[in-house]
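As structure tokens, the structure follows; a few thoughts come after it.
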Amino acid sequence: MALPIPNLDNRTYEQLLEEARKSIPNYAPEWTNHNPADPGITLVELFVWLAEIAGYRINLVTEEHRQKYLKLLGIRPLGTFSAIVDLSFEAEGPRLLENGTGFLAEKAGESIDFELLEDITVVPFQLEKIIVNEMAAGSAPDSSSSSSQVRRLVKGIFDRTVANFKEDLFFAPFGLDTRKNSELYLGFELKAQENDGKEAKVPESLNFMSYLYEKDLIEPGKHGEEAEYEFENAKLKWEISLSPDGKQWKEVFPEDGTKNFRKSGRLFFRDLGDWARSSIGAWSSRGEDKEEKYFWLRCTLLESEYEYPPRIEKISLNTTAAAQKKKVKDGLLEKSNGLPGQVFKLPETPVLRESLKLTAAGEEWKEVEDFDGSGPESLHFTLDSLTGEIRFGDGLRGRVPQEGTEIRALEYETGKGKQGNLSAGSRWAVKGGKPEGLTISNLKPAAGGKGEEDIAEAVNRFIRDLKVPYRAVTSEDFEYIARETPGLRVAQAKAVPNFDPADPEGGEGSVTVVVIPFSPLQTFKTPPDPSRGFVAAVARHLEKHRLLGTRVHVVPPEYIRVEVKATIGLSRGFFEEETQQAVLAKLNLFLHPAKGGGSEKGWPVGKPVYRSELYRLIMETEGVDSVQKISIHSEKGAEPDENGDLVLASRTATVYSGVHSVEIAGKSR
């Protein structure tokens, strides 16, 4: 019986020839003789014959051939991805849960396995109070001051406790201005008591997840498989209270997965044995002059270069990550029969790649993609992670296990791919039985689970990757690579060729890239400047991808404050104040350096501000009948031309909104 051959194109020679004849009038209407005697038809028949042969050859290409072609291009279909979820725990007393502890989640009547990715000590703390102490310009806190003295120094003291426990609310831990010496106070309380009614001993550690509000942000940059860049844009100081009067504090040094509140992550504190309940002022949520004593954790902003103020959506205690996977141990597959190309099958699939530990006669064998690089004595095997099939070599490429040898799968992991993407609030249990007093929950959904990639998906991924620039040659290349700096949110990048900011007249061979970080704020007192670490990260990324001999400079933009004054006519039936606010909102967004411009991706670097564009913008606002007068004003660095358009003096400059003025001339009849 012949092997089945895939038929990718089942058209016959006659069908192909007929299709070619019918298409002639579309391409060459002057060609009217379509008889076989015509020399042109002879050429058409020749090409149809070649097409039929090519189709036959393509029909012989199998999935294995495509996989080999992909390997030559350095591409391998991706394996199963495990879903990741953050699990929160509650317990009456301290309890250690070790890395690898198993949990079961229920989904559609099926139990799905998860395992912890790191150790966690569950402690009986609960968060009771969140206080934000915003510094005013030029002020500084004094930890020994009374509450009334503190109020004279700060811009404002705000109770943000409610925002932490309500969905879709968030708070800025250091205020929207993120001034130096602003403070965040977290007040904790012990839940547990000893048997004699006394308060339980203070645990030595504390851990919590800090989830930042990121729904209105752009996605961080991603460039191929390159790792995210690490940088600092702030310096924080963490302290715990030591005395009942709140005058003594001890500095603590956490493992900070948030990178100083730059991203969502876990904070882990140690050495808290001398933590004491204390009072730090009359900060009652009801406005009463009453002392509130908690175990206070204070975070002080020592240095700030935040591109935008961090905003905390949720602080969740005793929370850590778990991955959807199941560990299978010590399974005897079969005994070898000594023949080449033996195949064994794992009982549970799909298998997570590089998780299988396989032995034959006590020797550990290595998993390889194929036997192309294997010799006669190579202890190699291949694994089909989807079906669980293990294949050994033939004695020429890969050793054959001796007859009677026991083949053992000492350990491997299985995953369910996208089935592990659970919703928030799923039901959980500890694998092997639920310990008394331990409550498990997931406040966020599990995400990231994905099934194994097939050949067609791998081909499409390769084609998409071909379109990604990895070498900076043109200005567009520099701009794309800068915007996609891994881990950074770059709103706009502008490449200025043959320009050196240190030597504007001698910039031959230099490329200056202006980077503007994304900011979710609609209006601001100071525009979003990139931190030194932000600029350095972009510079390091471009340095890896530049051409030899090209000098690259990365600089922040020169911001020009722009104010628009307009006089408008109001349409009948519209309110003055609402129309004014609508016009002001449009102007603020249009002149936004990170979200403005016609594309809403930021005001283009170096672009003038044209009065005609402002006229059109205002006229498109609902309620505006006419624009009677408009003028543009700015700081130094930009001058109006004879048409009243604002021309920027520098090639690295951009604009941001100042205080605009919109006056109503009168209602139209």
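Here's a check for you: in region 385-416, which residue that is over 42 Å from the mean Cα position of the chain (by Cα) and part of a strand (DSSP E or B) is surrounded by the fewest Cβ atoms within 10 Å (Cβ to Cβ)? Taking the candidates together, the pick is 406. Considering only residues in region 58-89 that are outside any loop (DSSP other than H, G, I, E, B) and of a type in the set (A, V, I, L, M, F, W, C), the one that is farthest from residue 106 (Cα to Cα) turns out to be 58.
Here residue 421 meets each of (1) closer than 29 Å to residue 71 by Cα; (2) in contact with a Gly (Cβ under 8 Å, 6 or more places away or on another chain) with one exception, condition (1). Residues in region 330-369 that are assigned to a loop (DSSP other than H, G, I, E, B) and surrounded by 16 or more Cβ atoms within 10 Å (Cβ to Cβ): 336, 342, 346, 349, 350, 352, 353, 355, 356, 368. Taking region 430-469 as the range and being surrounded by fewer than 16 Cβ atoms within 10 Å (Cβ to Cβ) and closer than 16 Å to residue 103 by Cα as the test, the residues that pass are 430, 431, 432, 433, 434, 435, 436, 437, 439, 445. When residue 440 is tested against (1) touching a strand residue (DSSP E or B) at 6+ places or on another chain (Cβ under 7 Å); (2) more than 21 Å from residue 601 (Cβ to Cβ); (3) assigned to a loop (DSSP other than H, G, I, E, B), exactly one condition is not met: (3). The residue of region 275-329 that is surrounded by the most Cβ atoms within 10 Å (Cβ to Cβ), among those that are among the aromatic types (Phe, Trp, Tyr) and either at pLDDT 90 or above or under 29 Å from the mean Cα position of the chain (by Cα) (or both), is 296.
Within region 494-503, is there a residue that is crowded, with 22+ Cβ neighbours inside 10 Å and within 19 Å of the chain's Cα centre (by Cα)? Taking every residue of region 494-503 in turn, none turns out to be crowded, with 22+ Cβ neighbours inside 10 Å and within 19 Å of the chain's Cα centre (by Cα).
Restrict the check to region 596-612 and report whether at least one residue is closer than 22 Å to residue 567 by Cα and either assigned to a helix (DSSP H, G or I) or in the same structural domain as residue 514 (by TED's automatic domain parsing) (or both). Yes: one or more hits.
Sort out which residues of region 499-554 are of a type in the set (Gly, Ala, Ser), over 13 Å from residue 229 (Cβ atoms) and touching a residue at least 60 places away in the same chain (Cβ under 8 Å), and write them in order of number. If the condition is that a residue be of a type in the set (Gly, Ala, Ser), over 13 Å from residue 229 (Cβ atoms) and touching a residue at least 60 places away in the same chain (Cβ under 8 Å), then 519 is the only one that fits.
Within the option set 639, 663, 622, being free of Cβ contacts under 8 Å to residues at least 12 places away in the same chain and surrounded by fewer than 17 Cβ atoms within 10 Å (Cβ to Cβ) holds for one residue only, 639.
Of the residues making up region 91-138, those that are among the polar types (S, T, N, Q) and either outside any loop (DSSP other than H, G, I, E, B) or over 28 Å from residue 449 (Cβ atoms) (or both) are 111, 121, 126, 133.
Within region 523-536, if we keep just the residues that are outside any loop (DSSP other than H, G, I, E, B) and of a type in the set (Gly, Ala, Ser), the residue that is farthest from residue 309 (Cα to Cα) turns out to be 536. Is region 537-555 home to any residue that is surrounded by 18 or more Cβ atoms within 10 Å (Cβ to Cβ), β-branched (Val, Ile, Thr), modelled with pLDDT of 95 or more and part of a helix (DSSP H, G or I)? Among the residues of region 537-555, at least one is surrounded by 18 or more Cβ atoms within 10 Å (Cβ to Cβ), β-branched (Val, Ile, Thr), modelled with pLDDT of 95 or more and part of a helix (DSSP H, G or I), which makes the answer yes. Do we have residue 617 as out of contact with any Ser or Thr (no Cβ under 6 Å at 6 or more places or on another chain) and farther than 30 Å from residue 500 by Cβ here? So residue 617 passes the test. Scoring residue 406 on the criteria (1) within 18 Å of residue 354 (Cβ to Cβ); (2) touching a residue at least 40 places away in the same chain (Cβ under 8 Å) leaves a single failure, condition (1).
Within region 245-266, is there a residue that is in contact with a Gly (Cβ under 9 Å, 6 or more places away or on another chain), part of a strand (DSSP E or B), closer than 19 Å to residue 122 by Cβ and of a type outside the set (A, V, I, L, M, F, W, C)? Among the residues of region 245-266, at least one is in contact with a Gly (Cβ under 9 Å, 6 or more places away or on another chain), part of a strand (DSSP E or B), closer than 19 Å to residue 122 by Cβ and of a type outside the set (A, V, I, L, M, F, W, C), which makes the answer yes.
Can you spot a residue in region 207-225 that is of a type in the set (Phe, Trp, Tyr) and part of a loop (DSSP other than H, G, I, E, B)? Scanning region 207-225, I find at least one residue that is of a type in the set (Phe, Trp, Tyr) and part of a loop (DSSP other than H, G, I, E, B), so the answer is yes. Cβ-Cβ contacts under 8 Å between residues 6 or more apart (or on different chains), taken from a first residue in region 334-349 that is closer than 15 Å to residue 402 by Cβ to a second residue that is exposed (fewer than 12 other Cβ atoms within 10 Å of the Cβ) and hydrophobic (A, V, I, L, M, F, W, C), are absent.
The values are calculated or read from the model by the stated rules, or taken from the named source; none is laboratory data. Predicted model only: the values in this text are computed from it and were never measured. When we count neighbours, we look across all protein chains shown, and the Cβ atoms used for this are built from the backbone with ideal geometry, even at glycine.
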